[in-house]
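Each remark here refers to the structure printed beneath this line.
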Amino acid sequence: MIYADEAFYKNEYLGTHNSENLNRILKTASQHIDTLTFNRIVGMGFDNLTPFQQSVVREVCCQMADFMIENKDLIETTLSSYSINGVSMAFGDNWNVVTSQGIALSRSTFELLKQSGLTRRVI
């Protein structure tokens, strides 16, 4: 299931990206949300979430799509770090990016998703 479609992204979220593959990117973001929420949304059904949870999930889907578009080259790299002439760069958790279950996303986006109560490892 796609939690936010192109119409929602452009009209409600007011997203600014016009990627040809926007729906595919939103679908990938939705799949990442399923991973981060341990498929709880799939199991219970999106319509059975509270209105607050639905709003959070849609917002996170759009934010993740923006992050994926803006950081496409870094996300798709196979390197975890590199160094050239004493200057180094590492990919992974830092103050504004978090990697959870193999998914890189903005820390603020992940914190927003946590507000839904769907990301806890306990049942």
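General observations
- Within straight-line reach of LYS114, meaning a Cα separation under 16 Å, there are no lysines at least 8 residues removed in sequence or on another chain.
- Under a model in which nothing but the beta-carbon of Lys, Arg (+1) and Asp, Glu (-1) is charged, the chain shows a dipole of about 380 debye around its Cα centre.
- Straightening the chain between MET1 and ARG24 buys 7.1 nm, computed as 0.36 nm per residue apart minus the Cα-Cα spacing.
- The portion of the accessible surface of the range 1-78 made up by carbon and sulfur, rounded to a whole percent, is 47 (1.4 Å probe; DNA, RNA and ligands excluded).
- 222 nm mean residue ellipticity, helices alone, for the chain (DSSP H n ≥ 4; -39,500 (n - 2.57); rounded to 500): -13500 deg cm²/dmol
- The heavy atoms of LEU74 offer some 80 square angstrom of accessible surface to a 1.4 angstrom probe.
- Hits among aspartates and glutamates - C-alpha to C-alpha of LYS27 under 18 Å, sequence gap 8 or more where chains match: ASP5, GLU6, GLU12, ASP47, GLU59, ASP66, GLU70, GLU76
- Max mean-square fluctuation residue, GNM over the chain, Cα-Cα springs under 10 Å, options SER100, SER55, SER19: SER19
- Between 0 and 90°, nearest 10: helix 51-70 axis offset from the chain longest Cα axis: 30
- Calculated log₁₀ intensity ratio I(q)/I(0) where the Debye formula runs over C-alpha points of the chain, q = 0.18, 0.19 Å⁻¹: -0.95, -1.04
The values are calculated or read from the model by the stated rules, or taken from the named source; none is laboratory data. Keep in mind that this is a model prediction, so the values were computed, not measured. Positions of Cβ are backbone-derived with ideal geometry, glycine not excepted, and every protein chain shown enters the neighbour counts. The protein model used for the area step is the full one, side chains on, heavy atoms only, and it has no ligands, DNA or RNA in it. Shrake-Rupley method; radii C 1.70, N 1.55, O 1.52, S 1.80 Å.
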